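First comes the structure, then the notes that go with it.
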Amino acid sequence: MTGPSSSHWAASAPFDTVVEWDAVTTGDVAAERIAWASVEGADVDTSGEVLSVPAPGGRGTEVRVTLRYDMPAGALGRAAAKYFGDDPSQALDDDLRRFKQVMETGEVVRSERAPWGKRARQQFPQRPARPLSDEELQELEAREEVLA
Amino acid sequence: MKANCWVGPNEVEVQDVPDPTILNSRDAVVKITSTAICGSDLHLLDGYVPMMEKGDVLGHEFMGEVVEVGPGVDGLRLRVGDRVVVPFPIACGACLACRAELYSCCENTNPNAGVAEKLFGHPVAGIFGYSHLTGGFAGGQAEYARVPFANVGPIRIESDLSDEHVLFLSDILPTGYMGAEMCDIQEGDVVAVWGAGPVGQFAMDSARVLGAATVIAIDDVPYRLEMAASQGYRTIDYSDTDVRSALLELTGGRGPDKCIDAVGMEATHGAAHVHLYDRLKQAVRSESDRPHALRQAILSCRSGGIVSVIGT
Ligand SMILES: [Zn+2]
Ligand SMILES: [Zn+2]
């Protein structure tokens, strides 16, 4: 946050690019709704909203995320598009699933196929469902992602 | 360690692969003493189930001894040295499905849920050694396996029953039992079971335990029908008998009270033209199972009866 209703955002993109923008908070009801929008003239035109409401029947909490963005043309836009993938709503779905895993089980589930847990799948090559080699384990440990 | 790996359609190979290690806090590593090949492994072998990768370790029915546990495994629940049977679905124990004891529907254990959802409508839980559609977990046709959420699934075996007497708890016994349980069997019911393979045999035994007065096995493999007959069940060989007529004959024209489809996806049951129709649809992937036995079960079941489907 950079003020009572303003914030500065940074999103990492491939090739060590960082996309940054300023935003103003357009709505904030404690623990229920938070919304934001980028300010006039920002590099990235974006707005979003996170709603969390109690599910009917006492079945936990429903979390809804709406994310709108309009990428600039040129290299930055292409890099950002690549980061979000062909299907940005799928990337958001995957993030929400991992969020649910953390909320309900305390961690992100790793399979042999996807041992890198919360990192986006595009950043790693597909691997078969078989135990990791020493080199692969070292690479994960270097990222402090594997339990000792 | 050595492991049975999928290398391509209709080709598997025992390969040397790395030993498994703890990756999540509630993992255990199990040294495998017995493992089974499931009928449903055939769907992986022949490429019927998509999303296999060269080098995947197969196997979802296994048991053995716990040799390592992660820091999050409750010592009162599971310890190194315990003898365990590992159920095939990986279940977190915390989500809505798990709290309703619908462990195969766990909402948290399939890291590939997004893709599975597109194909099935809803994702299934993570499953050991069962394609990347069910998460890409290494399987148990190996010397060791990593078992996530080990304080939820594994069944501790404290008796001296042999492996052969308890290994079925990993899949086929609970699968068969569920088939019988889902059709709400009442004392005195007539229960017909399509498919007298291992799951079907367990479904028949479960039906009897739950109160069925008459159990009828439907198959065309002589040794399966003989096994059912030796347990005291009626049998129908569909290769030389019209199943629906035979069932009506056996039930005073009413039809069985409860019908269980324990056939599985790749059955070659029944009338040639229906089978061809199913195969054609299958060939263009317009339908993902071959529902002939199911159709027959629905047509044969008595009015107001229950049809239970567990084919995998
Ligand atoms: Zn099985
Ligand atoms: Zn669960």
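Here are the numbers:
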item	result
Residue within the stretch B:120-142 that is away from every other protein chain (no Cβ under 14 Å), under 21 Å from residue B:41 (Cβ atoms), under 21 Å from the mean Cα position of the chain (by Cα) and surrounded by fewer than 24 Cβ atoms within 10 Å (Cβ to Cβ) present	yes
Those residues of the stretch B:45-66 which are among the aliphatic types (A, V, I, L, M), over 30 Å from residue B:82 (Cβ atoms) and in contact (Cβ under 8 Å) with a residue 60 or more places away in the chain, in sequence order	B:49, B:51, B:52
Verdict on residue B:26 being out of contact with any Pro (no Cβ under 8 Å at 6 or more places or on another chain), of a type in the set (D, E, K, R) and touching a residue at least 12 places away in the same chain (Cβ under 8 Å)	no
Yes/no for residue B:85 being within 16 Å of ligand 1 (Cβ to nearest atom), in a loop (DSSP other than H, G, I, E, B) and under 24 Å from residue B:168 (Cβ atoms)	no
Top-ranked residue in the stretch A:122-148 [being at the interface with another protein chain (Cβ under 9 Å from one of its Cβ atoms) and part of a helix (DSSP H, G or I); ranked as modelled with the lowest pLDDT]	A:140
Selection from the stretch B:100-112 of residues that are touching a Gly at 6+ places or on another chain (Cβ under 8 Å) and either farther than 15 Å from residue B:150 by Cα or more than 8 Å from every other protein chain (Cβ to nearest Cβ) (or both)	B:103, B:106, B:110, B:111, B:112
Any strands (runs of 3 or more DSSP E) falling wholly within the stretch B:1-81 and containing at least 2 residues that are over 19 Å from residue B:144 (Cα atoms), of a type in the set (Gly, Ala, Ser) and open to solvent by less than 50 Å² (accessible area, probe 1.4 Å)	none
Residues that are within 14 Å of chain A (Cβ to nearest Cβ) and either open to solvent by 80 Å² or more (accessible area, probe 1.4 Å) or of a type outside the set (Gly, Ala, Ser) (or both), drawn from the stretch B:148-201	B:148, B:149, B:151, B:152
Close pairs from the stretch A:93-104: first facing chain B (nearest Cβ under 7 Å) and assigned to a helix (DSSP H, G or I), partner open to solvent by less than 60 Å² (accessible area, probe 1.4 Å) and of a type in the set (Asp, Glu), Cβ under 8 Å, at least 6 apart	A:101/A:107
Residue B:235 being assigned to a strand (DSSP E or B) and either away from ligand 2 (no atom under 16 Å from the Cβ) or within 22 Å of the chain's Cα centre (by Cα) (or both)	yes
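So that you can scan it fast, the table gives a plain yes or no per residue for (1) assigned to a helix (DSSP H, G or I); (2) at pLDDT 95 or above; (3) within 16 Å of ligand 1 (Cβ to nearest atom):
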{"position": "B:92", "(1), (2), (3)": "no, yes, no"}
{"position": "B:101", "(1), (2), (3)": "no, no, no"}
{"position": "B:118", "(1), (2), (3)": "yes, no, no"}
{"position": "B:123", "(1), (2), (3)": "no, no, no"}
{"position": "B:133", "(1), (2), (3)": "yes, no, yes"}
{"position": "B:139", "(1), (2), (3)": "no, yes, yes"}
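The values are calculated or read from the model by the stated rules, or taken from the named source; none is laboratory data. What you see is a predicted model, and the numbers here were worked out from it, not measured in a lab. Reconstructed Cβ throughout: ideal geometry from the backbone, glycine too, with neighbour counts over all protein chains shown. Just so you know, the surface numbers come from the protein's heavy atoms only, side chains and all, with ligands and any DNA or RNA stripped out. Shrake-Rupley method; radii C 1.70, N 1.55, O 1.52, S 1.80 Å.
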